[in-house]
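FYI, it's all coordinate maths here, none of it is from the lab. Bear in mind the structure is a predicted one, so any value in this text is a computation, not a measurement. Every residue, glycine among them, receives a Cβ derived from its backbone with ideal geometry; neighbour counts consider all protein chains shown.
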Amino acid sequence: MPFKPRGVVARKKNQPMRIKLASCATLPTKYGTFKVYAFLTPDGREHLLLVKGRVRGKRHVPVRLHSQCVTGDTLGSLKCDCGPQLQAALKYLSRQRCGVLFYLQQEGRGIGLANKILAYHLQDLGLDTVDANRALGLPIDARDYTATAYLLHRLEVKSVALLTNNPSKVKSLEEEGVAVSQRIPLEVRPNPYNRRYLKAKKRKLGHLLQLKK
C-alpha cells in the first residue's frame, strides 16, 4: 500500500505563515560561498535556503526552487533530470553576483521517498511518471511553494528570475505576490533512461522542454 504523504498545512488568506528559521551558517562550496539557513514549515519538514550575495531590494534575482531528490541528487540516478538540474542551477549561480536556491524536502513531487520508489517499480513495468502516481492513488504533484514565496518577501527581493522549466512554479510564486520578471530555462540533455520521463513531464505536466538529442 502507498504511504500516506504528509499534507500541507492550510493557511488562511492574509494569515502570516509560521516559518521557523532554525539555524544559519556560512557555506563555502565549489560554486561559491553561500549563507545557508535551515527552516521548518508547519508540517514539520526541514528545508534549506541558500543565499549568495546581497539580494535585499534587488530585482531580477536568480532563484531556483529545487525539490529534494535523494536518488538523483545524491545517488546519481539516470531515471530523472533532478541531479543535473541542481548542478546546473548552482553553476549558474556561481556566475552571478547574487542569487537564491531553495532545497525543499518534497521528495518525489511531494509524495515521499518510499512512495517514489513504489512509483519507480510501476515505471519499470511500463507506466510513466504521471500514471504511476495515479495507479498508486497519489497526487501527481503535491508540492507547495508558499514558504518560498514567504521567505522571498522576508528577504525583500523585488523580483526574481526563476530557473525552471515548470510554469506551475512561476504561477505559484505569482499567486503569492512574488514578481517573476523572467523564466530562465534549466534543461539538461536527456539520456536513454529518462527520455520517457521527460516526455511525460512535457506532455502531461506542461513543462517547457525542447528534449534535444
message: Output the 0 to 90 degree angle, nearest 10, between the alpha-carbon long axis of helix 113-124 and the longest principal axis computed from the alpha carbons of the chain.
response: 40
- prompt: When the Karplus curve 6.51 cos²θ - 1.76 cosθ + 1.60 is applied with θ = phi - 60°, which whole-Hz ³J(HN,Hα) does each residue of the range 93-102 get, with x for Gly and Pro?
  reply: 5, 5, 9, 9, 6, 8, x, 9, 10, 9
task: With only Lys, Arg, Asp and Glu charged, each at its Cβ (+1 for the first two, -1 for the last two), find how big the charge dipole of the range 54-142 is about the Cα centre; round to the nearest 20 debye.
output: 900
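Using Cα pairs under 8 angstrom and six or more residues apart, how large is the relative contact order of the chain, in percent?
Contact order relative to length: 21 percent.
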message: Using 0.36 nm times the number of residues separating His153 and Arg56, minus their current alpha carbon distance, what extension gain do you get?
response: 34.0 nm
message: Suppose R0 equals 30 Å. What FRET efficiency, 1/(1 + (r/R0)^6) with r the Cβ-Cβ distance, do Gln87 and Asp43 give to the nearest 0.05?
response: 0.60
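Tell me which trypsin sites (Lys or Arg not before Pro) from the range 73-170 have a DSSP coil assignment and no more than 10 other beta carbons within 10 Å of their own.
Here the trypsin sites (Lys or Arg not before Pro) that fit, given the DSSP loop and packing criteria, are Arg95.
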query: the range 116-143 to the range 48-82: how many Å between their Cα centroids?
result: 23
query: Taking 0.36 nm per intervening residue step and subtracting the Cα-Cα distance, what contour gain separates Cys98 from Leu78 on full extension?
result: 4.2 nm
query: Which FRET efficiency value, to the nearest 0.05, is calculated for Glu174 and Ala25 with the Förster distance at 41 angstrom and r the Cβ-Cβ distance?
result: 0.85
task: Would you work out the relative contact order for the range 105-162, in percent, from Cα pairs under 8 angstrom that are 6 or more residues apart?
output: 31
task: Sketch the reach of a paramagnetic label on Val70 as a point 7 Å from Cα along Cα-to-Cβ, and name the residues of the range 99-123 whose backbone nitrogen lies under 18 Å away.
output: 103-122
- prompt: Where does helix 195-205 land angle-wise versus the long Cα axis of the chain, in degrees 0 to 90, nearest 10?
  reply: 70
query: Based on the Cβ-Cβ distance of Ile117 and Asn191, what FRET efficiency does E = 1/(1 + (r/R0)^6) give at R0 = 25 Å, to the nearest 0.05?
result: 0.80
- request: Let me know the charge dipole size of the chain about its Cα centre in debye, to the nearest 20, where only the beta-carbon of Lys, Arg (+1) and Asp, Glu (-1) is charged.
  value: 660
